[in-house]
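Asker: Structure incoming, see below.
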Amino acid sequence: MNIILLGPPGAGKGTQARRLMDKRGMVQLSTGDMLREARSSGSAMGKRVAEVMDRGALVTDDIVIGLIEEKLAGGAPGGFIFDGFPRTLAQADALEGLTERMGQELSAVIEMQVDDEALIERVTGRFTCGNCGAVYHERTHPTAVEGVCDACGSGDLRKRADDNADSMRQRLMEYYKKTSPLLGYYHAKGLLRSIDGLAAMDVVERAIAELLDRA
């Protein structure tokens, strides 16, 4: 089973991908993670990635598709989760061509729908542990002891520099401009499913599980 998680920054795609990995043995294919892994691998593709990134240039779609092809060839017991790719119609076409060549297919495209203002409130209050990666929120999920991570006891709690209202609105606008056409693209293919991305994490997890069980 191969799926795409669609949703703006902060919608919770990474959290739900990790839960699918734990529960279903799926493998998350995050563009950023793949690029970092390739760059440090020393492989031919990794050297190509490093050369592009060192020039300060954008990594081309064909490089990303090449990285995805390597991952798909390795297989995964529960299938793959595409997180952050595709972002454009051209990338969607390239991914479809790749999966067809490899005898694979997409089972579902899950859109995590959000209310923009509620999402901005969620993101601007978010902070993480720099040691273990645990995620908290100033209002809805603070640490038990102020300034101390519940999970590992570290005092290295931090907020992303761009987790502010102005930056978030710009990121949302960029997302809608580039990615919204994908909703029509996958709806036409009968693959698009939508859930409330701002529901509690366990509720979102159950909604995704129900969709996948019916896919």
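The values are calculated or read from the model by the stated rules, or taken from the named source; none is laboratory data. No experiment lies behind these values; they were computed from the predicted model shown. Reconstructed Cβ throughout: ideal geometry from the backbone, glycine too, with neighbour counts over all protein chains shown.
Asker: Say whether the condition of being surrounded by 17 or more Cβ atoms within 10 Å (Cβ to Cβ), touching a Lys or Arg at 6+ places or on another chain (Cβ under 9 Å) and either within 20 Å of LEU172 (Cα to Cα) or free of Cβ contacts under 8 Å to residues at least 12 places away in the same chain (or both) is met by at least one residue in segment 47-58.
Answerer: no
Asker: Quickly run through segment 99-125 and pick out the residues that are more than 28 Å from ASP213 (Cβ to Cβ) and β-branched (Val, Ile, Thr).
Answerer: ILE120, VAL123, THR124
Asker: Sticking with this one: Being over 13 Å from LEU29 (Cβ atoms) and at pLDDT 90 or above narrows it down to one of ALA92, ALA57, so name that one.
Answerer: Working: ALA57 fails: at pLDDT 90 or above.
So the residue among ALA92, ALA57 that is over 13 Å from LEU29 (Cβ atoms) and at pLDDT 90 or above is ALA92.
Asker: Six or more apart or on different chains, Cβ under 8 Å: which pairs go from a residue in segment 76-93 that's within 12 Å of LYS13 (Cα to Cα) and part of a strand (DSSP E or B) to one that's at pLDDT 90 or above and of a type in the set (Gly, Ala, Ser)? Could you list them?
Answerer: ILE81/ALA17; ASP83/ALA17
Asker: So LYS23 passes all but one of these: (1) surrounded by fewer than 18 Cβ atoms within 10 Å (Cβ to Cβ); (2) of a type in the set (D, E, K, R); (3) touching a residue at least 60 places away in the same chain (Cβ under 8 Å); (4) under 17 Å from ILE110 (Cα atoms). Which condition number does it fail?
Answerer: The one condition LYS23 does not meet is (4).
Asker: Next question, about the same structure. Output the residues belonging to segment 59-99 that are surrounded by 15 or more Cβ atoms within 10 Å (Cβ to Cβ) and in contact with a Gly (Cβ under 6 Å, 6 or more places away or on another chain).
Answerer: The answer is GLY78, and nothing else.
Asker: OK, next. With the condition kept exactly as written, say whether any residue in segment 4-12 is among the aliphatic types (A, V, I, L, M), modelled with pLDDT of 90 or more, crowded, with 21+ Cβ neighbours inside 10 Å and part of a loop (DSSP other than H, G, I, E, B).
Answerer: no
Asker: If you don't mind, there's one more thing I want to ask. Residue check: is THR60 closer than 27 Å to LEU191 by Cα and not basic (Lys, Arg)?
Answerer: Values: closer than 27 Å to LEU191 by Cα: yes; not basic (Lys, Arg): yes.
In short, yes.
Asker: Identify the residue in segment 147-173 that is at pLDDT below 90 and among the acidic types (Asp, Glu) and, among all such residues, is surrounded by the most Cβ atoms within 10 Å (Cβ to Cβ).
Answerer: ASP163
Asker: Hey, another quick one. Of all residues in segment 121-159, how many are free of Cβ contacts under 8 Å to residues at least 12 places away in the same chain and β-branched (Val, Ile, Thr)?
Answerer: 2
Asker: Can I ask one more? Could you check how many residues of segment 84-140 are among the acidic types (Asp, Glu) and in contact with a His (Cβ under 8 Å, 6 or more places away or on another chain)?
Answerer: 0
Asker: Here is a follow-up. Checking THR124 against (1) of a type in the set (Ser, Thr, Tyr); (2) over 23 Å from PHE85 (Cβ atoms); (3) in contact with a Gly (Cβ under 9 Å, 6 or more places away or on another chain), only one condition comes out false. Which one?
Answerer: It fails just one condition, (3).
Asker: Give the residues of segment 19-35 that are modelled with pLDDT of 90 or more and part of a helix (DSSP H, G or I), sorted by residue number.
Answerer: Narrowing segment 19-35 to residues modelled with pLDDT of 90 or more: 19-29.
Across segment 19-35, the qualifying residues are ARG19, LEU20, MET21, ASP22, LYS23, ARG24.
Asker: Looking at segment 185-201, can you tell me whether even one residue there is at pLDDT 90 or above, surrounded by 15 or more Cβ atoms within 10 Å (Cβ to Cβ) and touching a Pro at 6+ places or on another chain (Cβ under 8 Å)?
Answerer: Within segment 185-201, none of the residues are at pLDDT 90 or above, surrounded by 15 or more Cβ atoms within 10 Å (Cβ to Cβ) and touching a Pro at 6+ places or on another chain (Cβ under 8 Å).
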